[in-house]
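Q: Below is the structure I would like to discuss, written out as structure tokens.
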């Protein structure tokens with residue numbers, strides 16, 4: 001477009017760089033390149049599936065080589081503590097590319113025992129040009145969740161990173177080029193949601209759109225996809241996940257895991273266990289020890305190895321969190337610690353814990369996306385499932401108990417795409433992730449993740465005589 005936009009370091013509020021701003025015309029160019037790369041008979045279409053796996057492994061190798069730089073870039077651009085970016089996000093992202101590299105030549109159809117003198121089989125073919133829109137909270141991780149299965153299945157990609165965090169996506173695109181992906185296979189268009197993102201969702205030469213972000217924008221993406229050319233859609237959206245701690249749980253483990261389930265990544269995680277239900281008998285002890293942990297969190301420069309919590313992504317998000325905290329106090333929740341901006345530079349929010357939270361309060365119903373723990377009390381186990389499921393969301397959930405019958409009963413009753421038992425935020429490449437209800441459509445990761453980037457074709461041939 002000839003225009004640029006600044007990307008800001010949220011720890012200081014200072015401009016890191018000015019990035020080229022993609023618009024609808026730039027999206028069109030990228031889609032045209034992706035369409036040409038996907039042309040029947042193109043080098044990418046004729047490439048052996050095993051070779052696609054080789055390229056994905058080469059990309060993973062290059063990310064490993066440049067891991068320190070990528071972690072630093074992620075930390076500067078998004079405010080994520082360097083250690084989290086280096087040891088967690090990049091570790092998982094690199095493993096994701098390697099996982100799907102191994103999956104590339106294991107995509108297969110089936111022979112079918114149809115009636116009559118016919119021979120039938122299915123083919124799993126790539127969908128085509130895939131538009132991918134990723135959020136700002138875990139950019140490197142979301143890139144891998146989107147790019148790896150799409151490329152393993154043989155698709156081409158146009159990826160739009162969040163305008164707040166475009167830098168690592170641009171660098172990974174350079175690494176993909178160095179790894180040997182043919183021109184047009186991997187395209188990155190930085191820009192804004194209402195321009196570049198909207199153009200990608202509406203483009204009639206895009207065959208699939210994958211979006212991770214808010215439920216409200218996800219609804220717009222789905223509507224646009226339907227009205228344009230009925231694109232295939234994968235949506236991973238918001239959440240307000242219940243995390244249930246029974247009195248028979250290992251209390252130390254439950255407190256530590258629940259703390260991690262809320263405060264990791266500055267609370268900017270869609271599956272954060274922010275509706276924390278704790279049984280009455282252990283409630284006071286749980287609250288007291290959770291407050292102690294929250295008060296010990298080290299906030300500061302994300303590049304400092306001692307830092308546990310960095311800033312929120314921008315001033316808008318910081319102010320939204322502070323507004324919800326204020327609302328929680330006014331509705332009668334008891335603020336046990338935190339509740340204010342931390343420091344006078346950057347967009348830091350002090351770790352906050354609320355006790356005596358009621359189901360109907362705004363902080364118990366609305367996704368805060370910040371370092372705010374809300375602890376609710378329960379006594380009647382019979383009503384607990386109804387309370388836990390009383391939300392429009394259904395992304396994730398947690399259960400802490402040493403009673404296996406209780407764990408299995410609640411895991412079957414919770415309306416959520418993921419249930420963690422005696423742990424939280426335990427992700428794996430092999431395990432599919434996605435939501436029930438308004439938390440999304442479809443699944444990412446695992447075998448299900450690659451199916452989302454494939455079309456199934458039935459081929460039937462007349463034969464002279466069929467014999468069993």
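Q: With within 28 Å of residue 450 (Cβ to Cβ) and assigned by the TED database to the domain that holds residue 183 as the only criterion, which of 43, 10 stands out? If you could, list the steps in order and put the result at the bottom.
A: Details: 10 fails: within 28 Å of residue 450 (Cβ to Cβ).
Of 43, 10, the one residue that is within 28 Å of residue 450 (Cβ to Cβ) and assigned by the TED database to the domain that holds residue 183 is 43.
Q: Go through (1) outside any helix (DSSP H, G or I); (2) not assigned by the TED database to the domain that holds residue 414 and name the single condition residue 220 misses.
A: Among (1) outside any helix (DSSP H, G or I); (2) not assigned by the TED database to the domain that holds residue 414, residue 220 violates only (1).
Q: Let me ask something additional. Pick out the one residue from 407, 388 that is assigned to a helix (DSSP H, G or I) and farther than 26 Å from residue 213 by Cα.
A: On the way: 388 fails: farther than 26 Å from residue 213 by Cα.
It is 407.
Q: Of the conditions (1) surrounded by fewer than 19 Cβ atoms within 10 Å (Cβ to Cβ); (2) assigned by the TED database to the domain that holds residue 144; (3) in contact with a helix residue (DSSP H, G or I) (Cβ under 6 Å, 6 or more places away or on another chain), residue 413 clears all except one; give me its number.
A: (2)
Q: Pull up the range 365-379, narrow it to residues that are surrounded by fewer than 19 Cβ atoms within 10 Å (Cβ to Cβ) and more than 10 Å from residue 279 (Cβ to Cβ), then point me to the one that is nearest to the chain's Cα centre (by Cα).
A: Top of the filtered list is 366.
Q: Can you pull out the residues in the range 100-125 that are out of contact with any strand residue (DSSP E or B) (no Cβ under 6 Å at 6 or more places or on another chain) and surrounded by fewer than 23 Cβ atoms within 10 Å (Cβ to Cβ)?
A: So in the range 100-125, the residues out of contact with any strand residue (DSSP E or B) (no Cβ under 6 Å at 6 or more places or on another chain) come out as 100-106, 108, 113, 115-117.
Passing the criteria: 101, 102, 103, 105, 106, 108, 113, 115, 116, 117.
Q: Which residues, counting only those in the range 223-242, are surrounded by fewer than 16 Cβ atoms within 10 Å (Cβ to Cβ) and either in a helix (DSSP H, G or I) or in contact (Cβ under 8 Å) with a residue 24 or more places away in the chain (or both)? Even if it seems obvious, please write down each step before you answer.
A: From the range 223-242, those surrounded by fewer than 16 Cβ atoms within 10 Å (Cβ to Cβ) are 223, 226-230; that's our starting set.
Those that are surrounded by fewer than 16 Cβ atoms within 10 Å (Cβ to Cβ) and either in a helix (DSSP H, G or I) or in contact (Cβ under 8 Å) with a residue 24 or more places away in the chain (or both): 223, 226, 227, 228, 229.
Q: Still on this structure: Quick check: anything in the range 247-268 touching a helix residue (DSSP H, G or I) at 6+ places or on another chain (Cβ under 6 Å) and in a helix (DSSP H, G or I)?
A: First, the residues of the range 247-268 that are touching a helix residue (DSSP H, G or I) at 6+ places or on another chain (Cβ under 6 Å): 247, 255, 259.
If we keep only those that are in a helix (DSSP H, G or I) as well, we get 255, 259.
The answer is yes; a qualifying residue exists.
Q: Of all residues in the range 327-342 being in contact with a helix residue (DSSP H, G or I) (Cβ under 6 Å, 6 or more places away or on another chain) and assigned to a strand (DSSP E or B), which is nearest to residue 13 (Cα to Cα)?
A: First, the residues of the range 327-342 that are in contact with a helix residue (DSSP H, G or I) (Cβ under 6 Å, 6 or more places away or on another chain): 327-328, 335-337, 339.
Subset that is assigned to a strand (DSSP E or B): 335-337.
Working: 335: 28, 336: 29, 337: 26 Å.
Per the criteria, the residue is 337.
Q: Among the residues of the range 178-192, count how many are in contact with a helix residue (DSSP H, G or I) (Cβ under 7 Å, 6 or more places away or on another chain) and not in a strand (DSSP E or B).
A: Number satisfying all stated conditions: 10.
Q: Still on this structure, I have one more. With in contact with a helix residue (DSSP H, G or I) (Cβ under 6 Å, 6 or more places away or on another chain) and either surrounded by 17 or more Cβ atoms within 10 Å (Cβ to Cβ) or modelled with pLDDT of 95 or more (or both) as the only criterion, which of 34, 25, 60, 30 stands out? Don't jump to the end; show me each part of the working.
A: On the way: 34 fails: in contact with a helix residue (DSSP H, G or I) (Cβ under 6 Å, 6 or more places away or on another chain); 25 fails: in contact with a helix residue (DSSP H, G or I) (Cβ under 6 Å, 6 or more places away or on another chain); 30 fails: in contact with a helix residue (DSSP H, G or I) (Cβ under 6 Å, 6 or more places away or on another chain).
That would be 60, the only listed residue that is in contact with a helix residue (DSSP H, G or I) (Cβ under 6 Å, 6 or more places away or on another chain) and either surrounded by 17 or more Cβ atoms within 10 Å (Cβ to Cβ) or modelled with pLDDT of 95 or more (or both).
The values are calculated or read from the model by the stated rules, or taken from the named source; none is laboratory data. None of these values were measured; they are calculated from a predicted model. Heads up, the Cβs are rebuilt from the backbone with ideal geometry, glycines too, and the neighbour counts pull from every protein chain shown.
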